[in-house]
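The values are calculated or read from the model by the stated rules, or taken from the named source; none is laboratory data. Note that the structure is a prediction, hence the values are computed from the model and not measured. As a convention, Cβ positions derive from the backbone with ideal geometry for all residues, glycine included, and neighbour counts pool all protein chains shown. Protein only, heavy atoms only, side chains kept; ligands, DNA and RNA dropped before computing areas. Shrake-Rupley method; radii C 1.70, N 1.55, O 1.52, S 1.80 Å.
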Amino acid sequence: MQWNTIEQSLPTIKHATSGYTLAHRGTITLEDGATVFVKIGVDDTTKAWAQKEIALYEFLAVHHYPHVPTLLVTNPERIAFCLEALEPKHGWDWTNTWTHERLSATLAAIDDLAKMQPSTEELSIFGTKGLSEKDGGWEPLLNQPEKQKVLQNKLDKAGHTSYMNNVDYAAMATQSAQFTFKNTQLTHYDVRTDNCAWNPRTNAVKLIDWNWAQMGDERIDIASMLVHVHKAGLDISQHYNRLDPDALLWVAGLWLNSAATPLWPGGAEHASLRDYQLESGVAALKLRDVILA
């Protein structure tokens, strides 16, 4: 397949409704009737992410990681790429409906990723980190009263006032700062329904959107993933042993601080992201309470 074949069909793109970046994303139908997924960087940030994703897909293919769609072609500048489309008509489920089978398969995909050991040369692919220890949100919430006020207003509107009134920001900041990232495991750092397709016919899981992938700590991947599934309504009690309370505390701070932070320019249409992060932060804290009880 050549990129010019993709370009000829771009006017017919059916844009994806998910995602929180400015990148153009969606499916196109080629002249032969085949459907493929296309992602195109449109500004400096999304172009850089596209280049990283392309390198990730190539790396994962070389190492025979089975939990990704096939990279079909890139444009010459490597700021746009085409993947096999994982369509519902072929059994792929992108809905926020979780089963124990789907969760187990997704956790296995995260575990398989964490076991991979890039060579010294390959580590350069993961040089740009999307997430680091310094991104913990409890300290900025503690030190910026105006941000606490914004967060509190949002919590009030969402009906979480009584629960969050018992949160000691100083104690949370102190404890969260003690969480040490391993930084030795390959992580995705954004496994959620939008980025995770499951095929119940084959019990296969495919992960997309790899721009946050890096050498990090699987405990963060597992914590954020299980919080997401817990919010979707599935009983995850059989996986409580996979949850690290300190990882839950760390991601809760990250999400709550993000919820109180203005969206980036051009992100107004994705205001629901901040609501999602608010609910995720509260859910992580409540799940931590259950684990520690």
Residue within region 74-86 that is open to solvent by less than 70 Å² (accessible area, probe 1.4 Å), of a type outside the set (S, T, Y), farther than 22 Å from Q214 by Cα and without any contact (Cβ under 8 Å) to a residue 60 or more places away in the chain present: yes
Which numbered condition G19 fails, given (1) modelled with pLDDT of 90 or more; (2) under 18 Å from N195 (Cα atoms); (3) of a type outside the set (D, E); (4) under 18 Å from the mean Cα position of the chain (by Cα): (1)
Identity of the residue in region 135-159, acidic (D, E) and more than 23 Å from A247 (Cβ to Cβ), that ends up most open to solvent (accessible area, probe 1.4 Å): E146
Residue match in region 186-202 (condition: open to solvent by 70 Å² or more (accessible area, probe 1.4 Å) and more than 29 Å from S237 (Cβ to Cβ)): no
Residue in region 267-290 that is of a type in the set (A, V, I, L, M, F, W, C), surrounded by 13 or more Cβ atoms within 10 Å (Cβ to Cβ), part of a loop (DSSP other than H, G, I, E, B) and at pLDDT below 95 present: no
Wholly within region 154-242, strands (runs of 3 or more DSSP E) carrying at least 3 residues that are farther than 30 Å from Q144 by Cβ: 196-199, 204-207
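For (1) more than 18 Å from N195 (Cα to Cα); (2) touching a residue at least 24 places away in the same chain (Cβ under 8 Å); (3) surrounded by fewer than 17 Cβ atoms within 10 Å (Cβ to Cβ); (4) in contact with a His (Cβ under 7 Å, 6 or more places away or on another chain), each residue gets a yes or a no:
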position	(1), (2), (3), (4)
D43	yes, no, yes, no
Y65	no, yes, no, no
V68	no, yes, no, no
N96	no, yes, yes, no
T99	no, yes, yes, no
Test set (1) open to solvent by 10 Å² or more (accessible area, probe 1.4 Å); (2) in contact with a helix residue (DSSP H, G or I) (Cβ under 6 Å, 6 or more places away or on another chain) - D246 fails condition number: (2)
